[in-house]
Every structure is written in structure tokens, then in C-alpha cells.
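I have placed the structure first, in the form of C-alpha cells, so that the comments after it can refer back to it.
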């Protein structure tokens, strides 16, 4: 029997790690809900200001997960 890779694990490894930056909480929430339904997107954090975004990006390292 062939050893098939775990499809879900493979999909998680290809996800786009994303930080949502929006100063209006309702709009940020809509963006999060919209992107959460996409299986290839992983939201790694949310920020309301540029300073919060920079700090979060340095910690969360968004981008393509390898």
C-alpha cells in the first residue's frame, strides 16, 4: 500500500499566513470572517494601528508557510 501524505497537513503547510490591519473594528471583523472561510488563508493576527501591525508582523512572520 502506498504511503499517501496527509492531505490536510499538506494544505496547512501551504496556507498564506495573514495579518489583518484595519482601524475600524467592524470592518476588521468582516475581513476576518471573509478570509476565515478560505482554506488556504491562516489569519495570524489583527491590528488596529500601523504600530500594532509592525510589532505583530515581526512576531507572527506572516507570508507563505514553508
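Laboratory data are not the source of any read-out in this text; all were calculated from the coordinates shown. None of the values given here were measured: they were computed from a predicted structure. Backbone-built Cβ (ideal geometry, glycine too); neighbour counts: all protein chains shown.
Just a few scattered comments:
- Cα gyration tensor shape of region 15-64, rounded if a/c is under 1.5, else prolate or oblate by comparing a/b with b/c: oblate
- Label-to-label distance, nm, for residues given as residue 52 and residue 34 (7 Å Cα→Cβ offset): 1.9 nm
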